[in-house]
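The values are calculated or read from the model by the stated rules, or taken from the named source; none is laboratory data. Computed from a prediction, not measured in an experiment: that's the story for all the values here. Because the Cβ atoms are built from the backbone with ideal geometry, glycine has one as well, and the counts that use them run over all protein chains shown. Each accessible area value is taken on the protein alone, full model and side chains, heavy atoms only, with ligands, DNA and RNA left out. Shrake-Rupley method; radii C 1.70, N 1.55, O 1.52, S 1.80 Å.
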Amino acid sequence: MRYLPYWVGAFMLLPFMLWAGLFMAFPGDKPGITDAPLTASLVAVSVPLVLFHYIAGLGFVANSMSGQAGEVLPVWGPARWVQRAMAPLTLIVSVLAVAFLKQSGEGWITALAVGLGGLVMAGVMVAARRPTRSAVLHVRPGEWLDSAVMGLGRLLLYVPVLGGLLREAGRDPHRGVPLLLLNLALLLGVLVALFGFTVLVIPALLALPFVFYVLLVLASD
């Protein structure tokens, strides 16, 4: 039973394996690779990190089914070895991606940025295989980021109009929060009417660092 999660995980990857086989079997230009080398390189460098976390998730379930602690490394040897190989594989793919980008006509800055991203991903995987070090990497930056966000929140209280709405929401949430949301929605509607629907990109971009903040703080806890 402890191997069942890995069999299920392999079965779920079957469509991707079939797609990869067919993709390599047919000759000719490859849409998404030859016409978008930067995108293809970023995806290739990121695949080992995705597999690393995929194996970690399967290992959590498999370890628990065998009576072991789920958060430690996979107990099953092959899963542990494959997971360990993802960091050096990332380095190899990063070097190949840099060469591929240069051959495709990209500049050195773009190519080296992709290589640096692969180096960071490899470092994350190495740290994640050492739970105590990984916890330290999460906790201290999480504390710094939490303090920075709290300071930013206090500064927002002094912004004209917005600060008053935020203070009202803090004093009386039942009355202030709906008014705050209503005013933000009206402001967004006015901006869309003036500048078009491209304005909706702004809240999406603002939400991105907030999501990273939430993930980091949750991981540090």
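Using only Cα atoms and rounding to the nearest 10 degrees, what angle (0 to 90) does helix 162-171 make with the longest principal axis of the chain?
90 degrees
Between the helical axis of 37-65 and the dominant principal axis of the chain, each derived from Cα atoms, what acute angle in degrees is found, rounded to the nearest 10?
80 degrees
Only Lys, Arg, Asp and Glu count, each charged at its Cβ (+1, +1, -1, -1), so figure out the dipole size of the chain about its Cα centre, rounded to 20 debye. List each step's numbers first, then the result.
Working: 13 positive and 9 negative charges, 98 e Å.
Charge dipole, the chain, about its Cα centre: 460 debye, nearest 20.
Consider the candidate values (i) 30, 20, 18; (ii) 40, 28, 19; (iii) 38, 21, 11; state which one is semi-axes √(5λ) of the Cα gyration tensor in Å computed from the structure displayed.
Correct label is (ii).
What does the charge add up to near A79, with Lys and Arg as +1, Asp and Glu as -1, over the other residues with Cβ less than 13 Å from its Cβ?
Working: positive: R2, R80, R84, R129; negative: none.
Once all neighbours under 13 Å are counted, the net charge is +4.
Want the number for V190 to L22: 0.36 nm per residue separation, take away the alpha-carbon distance, what's left?
Details: separation 168, 0.36 × 168 = 60.48 nm, distance 4.91 nm.
Length gained between V190 and L22: 55.6 nm.
Would you kindly state how much longer the chain becomes between Y213 and L162 on full extension, computed as 0.36 nm times their sequence separation minus their alpha carbon distance, in nm to one decimal?
Taking Y213 through L162 to full extension adds about 16.2 nm, to one decimal.
From Cα pairs below 8 angstrom and at least 6 apart in sequence, can you work out the relative contact order of the chain, rounded to a whole percent? Write down the numbers at each step before the final one.
On the way: 167 pairs, mean separation 35.0, N = 221.
The normalised contact order for the chain reaches 16 percent.
With a 1.4 Å probe and all protein chains left in place, how much of the accessible area of the chain comes from carbon and sulfur atoms, in whole percent? Don't jump to the answer; show the numbers that get you there.
Working: 11660 of 15170 Å².
Taking all protein chains in place, the chain shows 77 percent carbon and sulfur surface.
Projected onto the charge dipole of the stretch 1-117 (+1 at Lys/Arg Cβ, -1 at Asp/Glu Cβ, origin at the Cα centre), which of M65, T39, L14 gives the Cα projection farthest towards the positive end?
Sorting the options by dipole projection puts first M65.
With a point put 7 Å past each Cα toward its Cβ, work out how far R2 is from Q68 in nm, to one decimal.
About 0.6 nm separates the two model spin labels.
How tilted is helix 77-103 with respect to the longest principal axis of the chain? Cα atoms for both, answer in degrees (0 to 90, nearest 10).
Result, in degrees: 80.
Separation between the R175 and D35 pseudo-spin-labels, each 7 Å from Cα along Cα→Cβ, expressed in nm?
In this crude label model, R175 to D35 measures out at 5.9 nm.
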